[in-house]
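A.B. asks: Have a look at the structure that comes next, please.
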Amino acid sequence: MNVIMPYVLPVLFALVIVALLPLLAGYIVLVERKVMADMQVRLGPMRVGPHGLLQPIADAVKLLLKEDIIPENADRLVFWGAPLISVTAAMLALAALPIGPFFQIADLNIGLLFILGVSSLGIFGIVLGGWASNSHYSLLGALRSAAQLVSYETSAGLAIVGALLLAGTLSTRGIVQAQSATGWWFIFVAPVGFFIYLVASIAETNRAPFDMPEAESELVAGYMTEYSGFRWALYFLAEYTNMIVVASIATTLFLGGWLRPFANTPLFNFLDYLPPLLMLGVAGYCFWRAPKQPVAVQKMFMVAVGLLCIALTLALAMPLAAPAGSLLASSKAGIHGAFWFLFKVAAYIYVFMWLRFTFPRYRFDQLMRLGWQFLVPLSIVNVMGMGLGLALHRQLNWPAAPALILGIVLTLAAGAYLLATGEKHEHPRVGEEEETSVDA
Amino acid sequence: MTNDSEEKQPPRPAEAEKSAGTPAAPSASPFAPGGTPSSEAPAKPVAPSAAAAAIPPKPGAPAKPPGPPPPPKEAPPKPAPLDNDLVRRYKTRFSGAIQEALLDRRQAILVIAADRLLEIARYSRDEEDFNLLVDLTAVDWPKREKRFDLVLNLYSFPKNERLRIKALVAENEPVPSVESVWPTANWLEREAFDMFGIVFEGHSNLKRLLLPEEWQGYPLRKDYDILQQDEAWVRENLGIDSGQ
Amino acid sequence: MLDQGVFYFFAALAILSAILVVTRRNAVQSAIFLVTALLATAGIFLNLNAEFLFIVQVILYAGGIMVLFVFVIMLVNLDVALHQVQFNRQWFVALIVSAVLAAQVAAAIAVSRRTLYTVPAAPAESLEPNTERVAFYLFHNYMLPFEIASILLLVAMVGAVVMAKKRV
Amino acid sequence: MAERYKTAGTNVETTVLGADEIILNMGPQHPSTHGVLRVKLRLDGEKVVGSECVIGYLHRGVEKIAEHRNYQQFAPYVDRMDYVAAVSNGLGYCEAVEKLLGVEAPPRARVIRTILTELQRIASHLFWLGTHALDIGALTPLFYCLREREEILKIFEKYCGARLTTHAFRIGGMQYEAYDELEKDVERFCKDFDKRVDEYEALLTENRIWVGRTKGIGVLTADAAIAMGVTGPVLRASGVQWDIRKAMPYAAYDQYEFSIPTGKSGDTYDRYLVRLEEMRQSRKICLQAIEKIPAGPILGKVGKVLKPPPGEIYHSIEGPKGELGYYIVSDGTTQPYRVRIRPPSLMNLEALDQMIRGHLVADVVAVIGTLDIVLGEVDR
Amino acid sequence: MVPIGHYIFLSVALLAIGIVGIVTRRNVIIILMSIELILNAVNINLVAFSRLVGSVEGQIFAIFIITDAAAEAAVGLGIIIAFFRNRETVLADEMDILKW
């Protein structure tokens, strides 16, 4: 019994994550479509369920029922297995993430490295899938994707190092606790690092404006060109899971994890009431809209959503109302922590969407140039700047603020220099000097 | 980005001056044949109000009075011989090759010998500044001895003039390609080959443009029925009996 | 109990995929099985409380080196390669070498059978925090080899670029 | 399987490959070839070293059909060529036949024609801008553009009942009288269209990525453009200030004041700026035109049966994509003896090969987009 | 902990498989992969013994071996690419002249 006991809770958490993740990814897609529609003066999905709320489920059913097509000349085994690799890698990475102080599958002492390492294995799914499809588009997309991932992982890793210097531990829980102890989220201490990680994480998840591998106007759908139905859905799931993973890393590392804003200031304790009020507001909106739905089923569904929100409101409000010292009150940290964590993850993902609908797409060589000639040098300088600031603070006993600000200023100066020199290296026509020789 | 709109306009007032003796009066029929032999504006399909339009109208007060439309009944437009400076220059340069010079609906047409097409094309571009090959096409007259009209529509940016060069070509008679003069002729000649079967000598890549390469027959010839098709090709490649 | 189950599972997986690596005709499939073998090894490392090495194995070996392999295989992937004979005629050499090796191992085990199975491992509680210890050794006792390794990597990088560059 | 799709044949140039070269087949089913264009790209890595366009997938034999229809019957067919700018096509055809007949449309018809054609130019450019931006990865401008295009299509719908293939004009003038609020509708549209163009510019013009993706891409010098027979905005972006509306005015363009925007370097960015400015100029023309629409008949004196005297005519207008020309030969019967349509897209597409050599695959997409081709017109 | 002998067995097995691969395969890339297998076998031994004696120094050696493997893979694959570009082959027994 003693052998089994420690595994019960993690396995339970893992089951919850695996069960909820596809649903969550589906609803992220729905939110993305809604946000996109709002930015593009249209409505987005409206047909399935009230305001399209059942759209993800309809999509999932459609994808599952689709014919599974494997191209004739494809390598069947690899073609079959590649999406699984992607999804597995993405999901494994979630294991080390602390969603609230209590909800975590495993608190590894190499937590952050584990997330990075495992999620980088997803690249095999992409490369092998592209190769196995036996199509030029797929292969080009796969190679691009691999090159891009490897390039931006460098700068993402270095950006993380900056924050790790501050935390002094690789454990994800330890990192959040370090932020809790100082009261400063690392985004304020290492803003350059956060910026680098933001850019690199967009590139790593192959999102616009870095969505080279699946740039639909050039490579049709990149490595996914030949995929359809369920396998395609798996790739999609992997992509959105990866988004959740990078958003979680950023949240844990820079945005204070499960901590409430101003967690250490009693003056801002009223923020504790924000989550239940927010859910209450959503519930109220649902009830208000329910009678206006055209079909009875949709009305009922809308009411059901409202009731769900009420339930969440209760769950969030109870620990606040319960008498201090009771079991309910002590669960406050867990429940509210989870809320704030998910809230920050959602905000981070919203930034992803916002950028996607605003920017055109980089060209592949421009993207590589940005990665190697701007982000990587900048992140190296950032690590050195952080190191300098911390050394001044810890070894020479400088006060923290000026030491760190000095480091940040130096990093920014380096960034400005890189930007200024980078402009000169633009060659629009690749290999202009070789032009004459290839002209047949 | 914006530019002075009048900058490129000198040709128009100048021409309007030159063609002073010609149908400048708006009320006269603009299509009167033979009205412009002396003018140097053979290819100026400008409305008769050209002189008026040369002066930019004040915004809000269109210069063109809403007068009655010109009476169209005077004489039906028909081709007439043309003899102006341009034609004379061509005739002196290529004495035998210019077979005919016509003016049809105020548009100048030169009929030339097909075998000297390349020379004339080069001269037109270099000496006469017809630097834009607007179009190259053909017309099929099956009853004629040389059944095809090869038609080149030229335009001159400096002179703001159009000129049409026609060459009579018999079936299976090779024509020199003008691709070396105007690179745009590449596709246009391919299309003419595709549709009429006219073979251009010296073309870099003469194959069908719009139709599949294995297609039999030349659709725009008059003896190609509108319902006709290459049934063998359709059956083999599309797997259906008829593409209609 | 669980520890041993995990080891035997990963060991079997490693050997099985290693066999597939050398027997598959298709280089890409070989590479996939090599990744599997490496990940199985990583699992064994984790089982041995070598967490840092585990993650190094995953990031560097499986995630880095193998991606390079897959890249190169795809670059030089020729349809003709599939129709070529993938094995040479040196089976007997391989057989002899393996046999000799097996004999050696058998002899070694025979000699030290007792000690091999009875030496007690250091108790798990006595192990120091892995990552910190590795860092300590790397940057104290093994500083010079560490620096030499970095120079080796630099040299390798330059060499690889020079080799693979198209037009010098 | 392979047998069935070998229609395109082989080309010596593209089958003999260098060691590092591969052939990438773009299209005919590809999201960004704007229809059924197929481009065979010869690539060195991702760099284009040569290309060949395979067109004709949409060939319907419009010119052959013309020889078997009478003059009025053929008019709706031209709408199906450049289906994003059907009004312009119709204008060109009607004016060409009018010239062949020797008649002229009455002033009122000419002004209304001008208004509708300019609106159509704006609609066509809007559609181009949206899809071009989409090709380069900017999703949002497409919907902004479609929103404004919708307004224009509504005006068309109110005028003649059709939105896309309008068949708005008749030979000799127009079939329908303008509806009562035409001026008001056009004015309402024009009033805030300027701000809308500013909106697009805010999204794109200064955007680093957009500039990086378009500046210096697909450069076409003025000489090369003329040699390749390129016309329209593409030619003007190369620095040639030439617009048929100014050079040889038709319809009622000689009455209005507008300028011809030109570019300097002839790259994709310049073409983008030129088209944006053209939209502004078209708006200006519309505003001038609605101020005074002359009264009078809308249909000139043409008979029920059109029998142009024997002869021929070449008439061209400045379509949204370039010089749209009609060469019509009459033999004196009710049916044209030969109709040749000079499609601007065809010549513009011909320059593609020259423009993309040395660029990357991603730029091919940008250049195809910037040429603003419509395959219905290329293939006819 | 599993008896150390089993780790040695695993290590020897991987080593033998790697040698078989090197000796019998013609594809240079697969030969390189077999070398990786052998290096991996060594690592298992090192880590197992490091656990046995309760010190992490064995792992340090394993890290150096991984570094070495990375360097070897980079250079080796670079050579393969250069060779492939010239000879259009990756078969070991066709690499039989010193200069081309």
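Read-outs: derived from the displayed coordinates by stated rules, not from any lab. Bear in mind that the values here come from a model prediction, so they are computed numbers and not experimental data. All Cβ positions, glycine included, derive from the backbone under ideal geometry; neighbour counts span all protein chains shown.
A.B. asks: More than 36 angstrom separation, counting every C-alpha pair in chain D; what % is that?
C.D. replies: More than 36 Å apart: 23 percent of the Cα pairs in chain D.
A.B. asks: I want to verify a result. In a Gaussian network model of chain A, Cα cutoff 10 Å, which of these has the top mean-square fluctuation: A:Val376, A:Val41, A:Val199?
C.D. replies: Of the options given, A:Val41 has the highest mean-square fluctuation.
A.B. asks: When Lys and Arg each count +1 and Asp and Glu each count -1, what net charge do the other residues less than 15 Å away from C:Leu152, Cβ to Cβ, add up to?
C.D. replies: Around C:Leu152, the surrounding residues sum to -3.
A.B. asks: Further, regarding this structure: Give me the angle, in degrees from 0 to 90, between the Cα long axis of helix E:28-53 and the longest principal axis of the Cα atoms of chain E, rounded to the nearest 10.
C.D. replies: Result, in degrees: 10.
A.B. asks: So, one more: Under 5 Å between amide H atoms, partner at least 5 residues away or on a different chain: which partners does D:Gly173 have, H built in plane at 1.01 Å?
C.D. replies: D:Gly300
A.B. asks: I'd like the mean, over residues of A:113-125, of how many other protein chain beta carbons sit within 10 Å of each residue's own Cβ.
C.D. replies: Rounded to a whole number, the mean comes out at 5.
A.B. asks: When the helix-only estimate is applied to chain D (DSSP H runs of n ≥ 4, each -39,500 (n - 2.57), divided by the residue count), what is the mean residue ellipticity at 222 nm, nearest 500 deg cm²/dmol?
C.D. replies: Calculated at 222 nm, the ellipticity per residue is -14500 deg cm²/dmol.
A.B. asks: Restricting the calculation to Cα positions, tell me the Rg (one decimal) and the Dmax (whole number) of the range B:93-244 in Å.
C.D. replies: Rg and Dmax of the range B:93-244, Cα atoms, are 17.0, 56 Å.
A.B. asks: Pull up the DSSP beta bridges for the protein assembly as shown and report the antiparallel fraction as a percent, rounded to 5.
C.D. replies: 90
A.B. asks: So what is log10(I(q)/I(0)) for the range D:267-345 at q = 0.12, 0.20, 0.24, 0.26 1/Å, when the Debye sum runs over its Cα atoms only?
C.D. replies: Values returned for q = 0.12, 0.20, 0.24, 0.26 Å⁻¹ are -0.63, -1.00, -1.09, -1.14.
A.B. asks: Calculate, for D:Val305 and D:Lys158, the FRET efficiency according to 1/(1 + (r/R0)^6) with r their C-beta to C-beta distance and R0 35 Å; round to the nearest 0.05.
C.D. replies: The pair D:Val305/D:Lys158 has a calculated efficiency of 0.65.
A.B. asks: Moving on to the next point. Rank by packing, highest mean first: peptides A:400-412, A:68-80, with packing defined as the count of other Cβ atoms within 10 Å averaged across residues.
C.D. replies: A:400-412, A:68-80
A.B. asks: Mind giving me the nanometre distance, one decimal, between the label points for C:Phe9 and A:Leu12, set 7 Å out from Cα along Cα→Cβ?
C.D. replies: My value for the distance between the label points is 2.2 nm.
A.B. asks: Using the Cβ atoms and a cut-off under 12 Å, what net charge is assigned to the surroundings of D:Lys99, where Lys and Arg are +1 and Asp and Glu are -1?
C.D. replies: Net charge around D:Lys99: -3.
A.B. asks: Another one. Report the FRET efficiency, 1/(1 + (r/R0)^6), for B:Glu100 and B:Glu214, where r is their Cβ-Cβ distance and R0 is 45 Å, rounded to 0.05.
C.D. replies: Using R0 = 45 Å, I get an efficiency of 0.70.
A.B. asks: Across peptide C:34-43, how many C-beta atoms of other chains are within 10 Å of each residue C-beta, on average?
C.D. replies: If you average over the peptide's residues, the count of other-chain Cβ atoms is 4.
A.B. asks: Which of D:Asn207, D:Asn70, D:Asn348 moves the most in a Gaussian network model of chain D with Cα springs under 10 Å?
C.D. replies: It is D:Asn207.
A.B. asks: Note the direction-averaged projected area, equal to a quarter of the hull surface, for the Cα convex hull of the protein assembly as shown, in nm².
C.D. replies: Average projection, Cα convex hull of the protein assembly as shown: 60.0 nm².
A.B. asks: Normalised by the residues of chain D, what does the relative contact order come to in percent, with Cα pairs under 8 Å and at least six apart?
C.D. replies: It rounds to 26 percent for chain D.
A.B. asks: At a 10 angstrom cut-off on C-beta neighbours, averaged per residue, how do the peptides A:166-172, A:101-107 rank from highest to lowest?
C.D. replies: Answer by packing, highest mean first, reads A:166-172, A:101-107.
A.B. asks: Let me ask something else. Mind ordering B:216-226, C:44-54, A:338-348, B:100-110 by average Cβ neighbours within 10 Å, highest first?
C.D. replies: C:44-54, B:100-110, A:338-348, B:216-226
A.B. asks: Right, something else. Indicate the helices, whole DSSP H runs only, in chain A that combine a mean Kyte-Doolittle hydropathy of -1.0 or more with a Cα extent along their long axis of 20 angstrom or more.
C.D. replies: A:5-39, A:76-93, A:136-167, A:229-253, A:274-289, A:296-321, A:332-358, A:376-394, A:400-422
A.B. asks: If amide hydrogens are placed 1.01 Å from N in the peptide plane, which non-local residues have theirs closer than 5 Å to the one on D:Arg338?
C.D. replies: Answer set, sorted by chain and number: D:Val329.
A.B. asks: Where does the charge balance sit around C:Ala31 when Lys and Arg score +1, Asp and Glu -1, over other residues with C-beta under 11 Å from its C-beta?
C.D. replies: Around C:Ala31, the surrounding residues sum to 0.
A.B. asks: Could I ask something else about it? Could you tell me which helices of chain D pass both thresholds, a Cα extent of 18 Å or more along their own axis and a mean Kyte-Doolittle hydropathy of at least -1.0, with helices taken as whole DSSP H runs?
C.D. replies: D:86-101, D:107-135, D:140-160, D:182-204, D:268-291
A.B. asks: Using Cα pairs under 8 angstrom and six or more residues apart, how large is the relative contact order of the range A:270-356, in percent?
C.D. replies: This gives 26 percent for the range A:270-356.
A.B. asks: By how many nm would the segment from A:Phe230 to A:Ala322 lengthen if fully extended, with 0.36 nm per residue of separation less the alpha-carbon distance?
C.D. replies: 28.5 nm
A.B. asks: May I ask which of B:Lys166/D:Lys99; A:Lys34/A:Lys66; B:Lys166/D:Lys304; D:Lys99/D:Lys292; A:Lys292/D:Lys195 have a Cα-Cα span longer than 27 Å here?
C.D. replies: From the list (B:Lys166/D:Lys99; A:Lys34/A:Lys66; B:Lys166/D:Lys304; D:Lys99/D:Lys292; A:Lys292/D:Lys195), the Cα-Cα distance tops 27 Å for B:Lys166/D:Lys304; A:Lys292/D:Lys195.
A.B. asks: Within 10 Å of each Cβ in C:11-23, how many Cβ atoms from other chains are there, averaged over the peptide?
C.D. replies: 6
A.B. asks: For the range A:270-356, take the convex hull of the Cα atoms, compute a quarter of its surface area, and give me that in nm², please.
C.D. replies: With every direction weighted equally, the projected area is 7.4 nm².
A.B. asks: Based solely on its DSSP helices, what 222 nm [θ] is calculated for chain A when runs of n ≥ 4 H residues each add -39,500 (n - 2.57) and the sum is averaged over all residues, nearest 500 deg cm²/dmol?
C.D. replies: One gets -22500 deg cm²/dmol as the mean residue ellipticity at 222 nm.
A.B. asks: To the nearest 10 degrees, how steeply does helix E:57-87 sit against the main Cα axis of chain E, on a 0 to 90 scale?
C.D. replies: The answer is roughly 10 degrees.
A.B. asks: Which entries in the list B:Lys159/D:Lys301; B:Lys222/D:Lys321; B:Lys159/D:Lys184; D:Lys246/D:Lys301; D:Lys215/D:Lys321; D:Lys264/D:Lys321 go over 29 Å, if you measure between the two C-alpha atoms of each?
C.D. replies: B:Lys159/D:Lys301; B:Lys222/D:Lys321; B:Lys159/D:Lys184
A.B. asks: Could I ask something else about it? Testing the spin-label approximation: label points 7 Å from Cα along Cα→Cβ at A:Leu277 and A:Trp398. State their distance in nm.
C.D. replies: That separation, rounded to one decimal, is 4.1 nm.
A.B. asks: On C-alpha positions alone, give me the angle between the axis of helix E:4-24 and the longest principal axis of chain E, in degrees, nearest 10.
C.D. replies: 10
A.B. asks: Okay, next question. Could you give each residue of the range C:150-155 its phi-based ³J(HN,Hα) in whole Hz, using Karplus coefficients 6.51, -1.76, 1.60 with θ = phi - 60°, and x for Gly or Pro?
C.D. replies: Those phi angles translate into 5, 5, 4, 5, 4, 4 Hz.
A.B. asks: Would you mind computing, in nm to one decimal, how far apart the modelled labels at C:Leu144 and D:Glu206 are, each placed 7 Å from Cα along Cα→Cβ?
C.D. replies: Result: 6.0 nm between the two label points.
A.B. asks: Could you calculate the contour length gain from A:Ala391 to A:Val41, that is, 0.36 nm times the residue separation minus the distance between their Cα atoms, to one decimal place in nm?
C.D. replies: Value of the extension gain: 120.8 nm.
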